[in-house]
1. Please state the Cα pair-distance histogram of segment 156-303 with 10 angstrom bins from zero: what percent is in each bin?
2. Using Cα positions and a limit of under 20 Å, work out the lysines in reach of Lys313, with same-chain residues fewer than 8 apart set aside.
3. Which value in nm describes the separation of the simple spin-label points at Val186 and Ile147, placed 7 Å from the Cα toward the beta carbon?
4. Given the whole protein assembly as supplied and a 1.4 Å probe, what does the accessible area of Phe160 come to in Å², nearest 10?
5. If I take every Cα pair under 8 Å that is 6 or more residues apart in segment 17-170, average their sequence separation and divide by the length, what percent do I get for the relative contact order?
6. Any idea what the relative contact order of segment 84-197 is, in percent, if you count C-alpha pairs under 8 Å spaced at least 6 apart?
7. Quote to one decimal, in nm, the extra length available between Asn248 and Arg45 on full extension: 0.36 nm per residue of separation minus the C-alpha distance between them.
8. Quote to one decimal, in nm, the extra length available between Lys115 and Ala157 on full extension: 0.36 nm per residue of separation minus the C-alpha distance between them.
Amino acid sequence: MSKLGTLGARLHRGEVGYDFVGNRKIWYGISILITITAIVGLAVRGLNMGIDFQGGAVFTTQNNTAASVSQAERYAEEASGHDAVVQKLGNGSLRIQIAGIDTDKSNQIKDELAKDLKVDAENINADLIGPSWGDQIANKAWQGLGIFLVLVVIYLAIAFEWRMAIAAFVALIHDITITVGIYALVGFEVTPGTVIGLLTILGYSLYDTVVVFDSLKEQTKDITKQTRWTYSDIANRSINSTLVRSINTTVVALLPVAGLLFIGGGVLGAGMLNDISLSLFVGLAAGAYSSIFIATPLVADLKEREPQMKALKKRVLAKRAQAAAAGESLEAPVDDERFEDEPEDGDAAPAVVGPRNQPASRNRGRGRPSGKRR
């Protein structure tokens, strides 16, 4: 078995792990800082809306054009007084996008481009795009996002519980805010492809979160019937037991997207790929982060506000303090994760991950109580 596979098995059994929930204040602080940076970038720089949202004209030469992309870009900006986006197509023709111009000015720009590019004006096609079409796309995107979030909250509240629904909702808003803020800071053009990418990442983010929630729901059945582990302990184990799976799925999803963004858009110069690949890349990474560091710790925070969980935590801490005073250990390695009212002799208790509660040495042997029965 590979080292990663071995690590995943040990994480699943609770033999090793990291205290994600115990350090949740650190993750909250990091997320708040990143979110504030994204919001400030969005407020100060704003989004670079594409021609589909602003309206404008697209000029396409029919024949192979000798002018380079940089030359055509300069010609278009001088003729229009606006920023231009120029792409060289596979047959050598040029596609020139200029936002914010009307019909009358487009004819003048077309004539000047024909003169500068040394082609006939009849060999340049001009297509006008009205801003109303972009407004319709934006409105439909907002409607789709709102319906999606409502359905997600309802489903999670029914399938799991309302606290998990709230945590998943916060994680999704966190991912969208960061992705949009990165767009503002980087200055990439926002196109319909960007909108598609934003809606796509919600599914990936929700998938990772639901995987952890399902494990947490299974492991916290009858949690109040024992006095060994708090809800946060089990939440921490749920994260660790699915950690390698989350990392693997995220890396596999990020590799082709990274190829589109860095190789296709950066090296090969296919700028049209940047609009959707950046939203997918940032959104996938943010979704994996939020499912591990935000959603589950937030569920633990909300859950431990319940009177039952507060009482359980008090009993667990009291028993641990009593065991520590007597020089005894409450931990033992196990494979069975179910809870009983109290462990009988020969029953192994579930292992809890985290630096404060590591499983005892495996040299004790399975089935042996770790101390005197109480």
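The values are calculated or read from the model by the stated rules, or taken from the named source; none is laboratory data. Keep in mind the model is a prediction, meaning the values are calculated, not measured. Cβ atoms come from the backbone with ideal geometry, glycine included; neighbour counts cover every protein chain shown. Calculation scope for accessible area: heavy atoms of the full protein, side chains included, ligands and nucleic acids excluded. Shrake-Rupley method; radii C 1.70, N 1.55, O 1.52, S 1.80 Å.
1. 12, 38, 28, 15, 6, 1, 0
2. Within reach: Lys25, Lys217, Lys221, Lys225, Lys303.
3. 2.9
4. Approximately 40 Å² for this residue.
5. Working: 181 pairs, mean separation 37.5, N = 154.
Computed over segment 17-170, the figure is 24 percent.
6. Details: 49 pairs, mean separation 13.9, N = 114.
Relative contact order for segment 84-197 comes out at 12 percent.
7. Values: separation 203, 0.36 × 203 = 73.08 nm, distance 3.50 nm.
That works out to 69.6 nm of additional length.
8. On the way: separation 42, 0.36 × 42 = 15.12 nm, distance 6.39 nm.
Full extension from Lys115 to Ala157 adds 8.7 nm.
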